[in-house]
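*Asks:* Mind having a look at this structure? Questions to follow.
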Amino acid sequence: MPTILTHAAPALTLGLALGSKAVPPRLLVVGTALAMAPDLDSIGFFMGVPYESLWGHRGLSHSLAAAGLAGVLGLILAPALKAGRGAAALLLWWAVASHIVLDAATTGGLGPAALWPLEDGRHFLPWRPIRVAPMHPAAMLSGRGLAVMLSELKWVWLPCLSASFLLFMLRRPPAGRKNRFPR
Ligand SMILES: [Zn+2]
């Protein structure tokens, strides 16, 4: 996996892109948390669940079904999150879907069970530039941890920050004109 905080980047980017009217703070907080939540399955390593099991790391929680469930959760929770149903469903679906895509672009471990329930194989993208993070947090303090952070900065944070900036500028009204897309 990329480090857990990096999984929040795509959800934050979409939140910033849509603006605080479509994505109020409550929805952004829940979306950010949900983007990191699939990796709670790494608890399975300490409970004897085999990595390759659907219940193991990058199994069910990293699937089409999990992303779809997150979207449905958005539809249901939208009023409580003070958001429209469409925006809430989109953001929560994207939080989990982007997690799966990032994991599928890492250099190690098993790929996510991205297509479950259609099939239960593990899949990587053909292009995998993101260095896989060590499972043990202490290993992040080593040279390997630094290489992982630099890789995530280059392949996740910089593209996300650039996209946020670009979308923010696109939503800005030209000087002297009223904003048609209020923030
Ligand atoms: Zn993951």
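*Asks:* Kindly indicate which of A78, A35 is more than 16 Å from the chain's Cα centre (by Cα), crowded, with 16+ Cβ neighbours inside 10 Å and under 28 Å from G19 (Cβ atoms). I'd like the intermediate steps shown before the answer.
*Replies:* Details: A35 fails: more than 16 Å from the chain's Cα centre (by Cα).
Answer to the selection: A78.
*Asks:* Right, something else. Determine, yes or no, whether W55 is within 16 Å of the ligand (Cβ to nearest atom), aromatic (F, W, Y) and buried (at least 17 other Cβ atoms within 10 Å of the Cβ). Break it down into steps so the answer makes sense when it comes.
*Replies:* Values: within 16 Å of the ligand (Cβ to nearest atom): yes; aromatic (F, W, Y): yes; buried (at least 17 other Cβ atoms within 10 Å of the Cβ): no.
No; evaluated as a whole, the condition is false for this residue.
*Asks:* For the subset of segment 9-27 comprising residues that are buried (at least 22 other Cβ atoms within 10 Å of the Cβ), of a type in the set (A, V, I, L, M) and part of a helix (DSSP H, G or I), which member is modelled with the lowest pLDDT?
*Replies:* Step by step, filter segment 9-27, then rank; the result is L14.
*Asks:* Which one of G68, G15, G19 is away from the ligand (no atom under 16 Å from the Cβ) and without any contact (Cβ under 8 Å) to a residue 40 or more places away in the chain?
*Replies:* G68
*Asks:* Filter segment 127-147 for residues that are more than 17 Å from the chain's Cα centre (by Cα) and hydrophobic (A, V, I, L, M, F, W, C) and give the result. It would help to see each step written out before you state the result.
*Replies:* Of segment 127-147, the ones more than 17 Å from the chain's Cα centre (by Cα) are 127, 134-147.
Those that are more than 17 Å from the chain's Cα centre (by Cα) and hydrophobic (A, V, I, L, M, F, W, C): W127, M135, A138, A139, M140, L141, L146, A147.
*Asks:* Now, a different point. Is one or more of the residues making up segment 105-113 farther than 29 Å from P129 by Cβ and more than 11 Å from the ligand (Cβ to nearest atom)? Write out each step before concluding.
*Replies:* Taking segment 105-113 first, the residues farther than 29 Å from P129 by Cβ are none.
Taking every residue of segment 105-113 in turn, none turns out to be farther than 29 Å from P129 by Cβ and more than 11 Å from the ligand (Cβ to nearest atom).
*Asks:* Right, next: Kindly indicate the residue of segment 81-104 that is small (G, A, S) and away from the ligand (no atom under 16 Å from the Cβ) and also nearest to R58 (Cα to Cα) among those meeting that condition. Working first, answer last.
*Replies:* Looking only at segment 81-104, we keep the residues that are small (G, A, S), and these are 83-84, 86-89, 95, 97-98, 104.
Next, from what is left, pick out any that are away from the ligand (no atom under 16 Å from the Cβ): 83-84, 86-89.
Values: A83: 30, G84: 30, G86: 27, A87: 26, A88: 24, A89: 22 Å.
Checking each candidate, the answer is A89.
*Asks:* Next question. Which members of segment 123-165 meet the condition of being loosely packed, with under 11 Cβ neighbours inside 10 Å and at pLDDT 90 or above?
*Replies:* Matches in segment 123-165: P126, W127.
*Asks:* Here is a further query. Going by the structure shown, is V72 part of a helix (DSSP H, G or I), β-branched (V, I, T) and under 27 Å from L170 (Cα atoms)?
*Replies:* Numbers: part of a helix (DSSP H, G or I): yes; β-branched (V, I, T): yes; under 27 Å from L170 (Cα atoms): no.
In short, no.
*Asks:* Here's another thing I want to ask about it. Quick check on this structure: which one of S42, S61 is modelled with pLDDT under 95, polar (S, T, N, Q) and part of a helix (DSSP H, G or I)? Spell out how you get there, then give the answer.
*Replies:* Working: S61 fails: modelled with pLDDT under 95.
So the residue among S42, S61 that is modelled with pLDDT under 95, polar (S, T, N, Q) and part of a helix (DSSP H, G or I) is S42.
*Asks:* Go through segment 113-157 and give me each residue that's part of a helix (DSSP H, G or I) and of a type in the set (G, A, S). Write out each step before concluding.
*Replies:* So the first thing to find is which residues in segment 113-157 are part of a helix (DSSP H, G or I), and the list is 137-141, 143-157.
Scanning segment 113-157 gives A138, A139, G143, G145, A147, S151.
The values are calculated or read from the model by the stated rules, or taken from the named source; none is laboratory data. Since we're looking at a predicted model, the values are computed, not measured. Please note: Cβ atoms are built from the backbone with ideal geometry, for glycine as well, and neighbour counts cover all protein chains shown.
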